[in-house]
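Remarks on the structure that follows.
The values are calculated or read from the model by the stated rules, or taken from the named source; none is laboratory data. Since the structure is predicted, the reported quantities are computational estimates derived from the model, not experimental observations. No Cβ is skipped: glycine too gets one built from the backbone with ideal geometry, and neighbour counts run over all protein chains shown. These area figures cover heavy atoms from the full protein model, side chains too; ligands, DNA and RNA do not enter into them. Shrake-Rupley method; radii C 1.70, N 1.55, O 1.52, S 1.80 Å.
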Amino acid sequence: YGDIPYQTIFSISESPFQFGLVYVGTDDGRVWRTDDSGANWNEINSGLPFQKWVAELVASKYDEGTVYMVQNGKRDDDFAPYIWKSTDYGENWASIVGNIPSGPVNVLKEDPENPDILYVGTDLGVYVTLDGGVEWHALPGGDLPSSYYQDLVIHPEEDIMVVATHGRGVWAMDVRPIQAMTPEVMTEPVHLFDPGSVQLPQGFRGAGGGTAIQYWVGRPGNQALIQIRDSNGTVLRELSGPAEAGLQTVPWDLSAGGQSASVDSRGRMARVPPGTYSVTITVGNASSEGELVVGR
């Protein structure tokens with residue numbers, strides 16, 4: 001990096017629809033498109049701010065003419081977010097920064113399943129939009145540290161998003177609940193996303209392992225109560241979680257508590273046996289329930 005632009009290409013994105021349709025962006029804020037694999041180039045800067053570093057270009061996987069771009073001006077003390085979308089191959093750009101607070105934007109990715117879902121990493125956090133950029137939400141319920149997020153990637157089959165920070169480690173989350181966010185879900189007071197299935201950890205030490213209970217809070221409360229029951233209806237574990245509005249995540253290490261708790265030979269909480277467990281989350285007087293399958 002450096003504070004002086006050198007007209008260096010910093011981002012390249014080729015359209016998945018058309019061979020030879022390529023976009024490039026430079027560190028002095030200029031954007032170019034070639035339709036013939038580089039034989040000819042067209043500058044496509046209409047309506048863009050002057051000399052803002054092009055951090056990333058993304059040619060959409062859903063529409064041939066759609067391309068996204070994020071810029072930042074932090075190298076010249078401009079900390080405003082810049083997120084752009086074009087639906088005409090970059091000839092015209094519209095801002096979709098929406099309600100993202102101040103903070104340079106470094107990376108943007110499309111969701112692999114839903115064209116309306118976009119993710120961005122900024123100098124302060126990670127944000128997601130469910131409606132193409134009209135409104136943005138911080139992820140995931142306050143768990144991520146406030147840090148410079150320099151890259152993110154979403155596994156196209158496992159739907160796990162991995163984000164890389166500058167100095168605060170690498171983080172991962174399941175984005176299937178985000179993909180399941182419908183207008184109907186967002187009107188519910190509380191909604192538990194399908195817990196799915198999880199495997200008990202194997203190996204000599206049996207360390208690690210667990211699952212994440214993810215839920216949506218539409219009507220905030222003081223605290224969320226999470227209860228895990230066995231097939232007989234016996235409560236094996238109670239957990240508490242945040243009840244602020246938005247998407248929330250609570251980890252469960254698959255161990256029981258209370259009278260059902262036991263300790264293994266190494267002094268650790270023993271995990272529940274394989275089986276099907278019901279998960280109920282309650283916020284205020286509203287609740288939602290689902291099933292979690294624990295396998296070996």
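Things worth noting here:
- Applied to the stretch 247-256, the Karplus parametrisation 6.51 cos²θ - 1.76 cosθ + 1.60 on θ = phi - 60° returns per-residue 3J(HN,Hα) values of 7, 10, 9, 10, x, 10, 7, 6, 9, 8 Hz, with x for Gly and Pro.
- Each label point was placed 7 Å from the Cα along the Cα-to-Cβ direction; for L200 and T280 their separation is 2.5 nm.
- Inter-label distance, Y6 to S46: 3.3 nm, where each label sits 7 Å from its Cα along the C-beta direction.
- For Rg/Rh (Cα atoms, Kirkwood Rh), the value calculated from this model appears in (i) 0.95; (ii) 1.06; (iii) 1.02 under label (ii).
- Mean separation of Cα contacts under 8 Å, 6 or more apart, over the residue count of the stretch 69-129: relative contact order %: 26 percent
- Value of relative contact order over the stretch 1-117, rounded to a whole percent, pairs C-alpha under 8 Å and six or more apart: 20 percent
- Cα point-scatterer Debye curve for the stretch 15-151, base-10 log of I(q)/I(0) at q = 0.16, 0.18 Å⁻¹: -0.79, -0.99
- Rounded to the nearest 20, the size of the Cβ-charge dipole of the stretch 1-148 about its Cα centre is 240 debye, with Lys and Arg at +1 and Asp and Glu at -1.
- Ranked from largest, the principal axis spans of the Cα set of the stretch 43-116 equal 35, 27, 18 Å.
- For the stretch 86-91, backbone phi angles converted through the Karplus equation (6.51, -1.76, 1.60; θ = phi - 60°) give residue-by-residue couplings of 10, 10, 10, 6, x, 5 Hz, Gly and Pro being listed as x.
- FRET efficiency estimate (nearest 0.05) - Cβ-Cβ, D131 to L225, R0 22 angstrom: 0.10
- Accessible surface comparison of M181, M186, M69, probe 1.4 Å, protein chains only, largest first: the order is M186, M181, M69.
- Low-density loop positions, chymotrypsin sites (Phe, Trp or Tyr not before Pro), the stretch 66-161 - DSSP coil, at most 16 other Cβ in 10 Å: none
- At a probe radius of 1.4 angstrom, the accessible area of the stretch 42-148 per residue rounds to 38 square angstrom.
- Which of L130, V279, I100, positive extreme of dipole for the chain (C-beta unit charges): V279
- Cross-link reach is defined here as a Cα-Cα straight distance under 16 Å, omitting same-chain residues fewer than 8 places apart; for K74 the aspartates and glutamates meeting it are D3, D27, D28, E56, D123.
- Computed in the context of the full set of protein chains, the accessible area of the chain at 1.4 Å probe radius has 50% of its extent on carbon or sulfur.
- Candidates V67, V31, V134, ranked by Gaussian network fluctuation over the chain, Cα under 10 Å, top entry: V134
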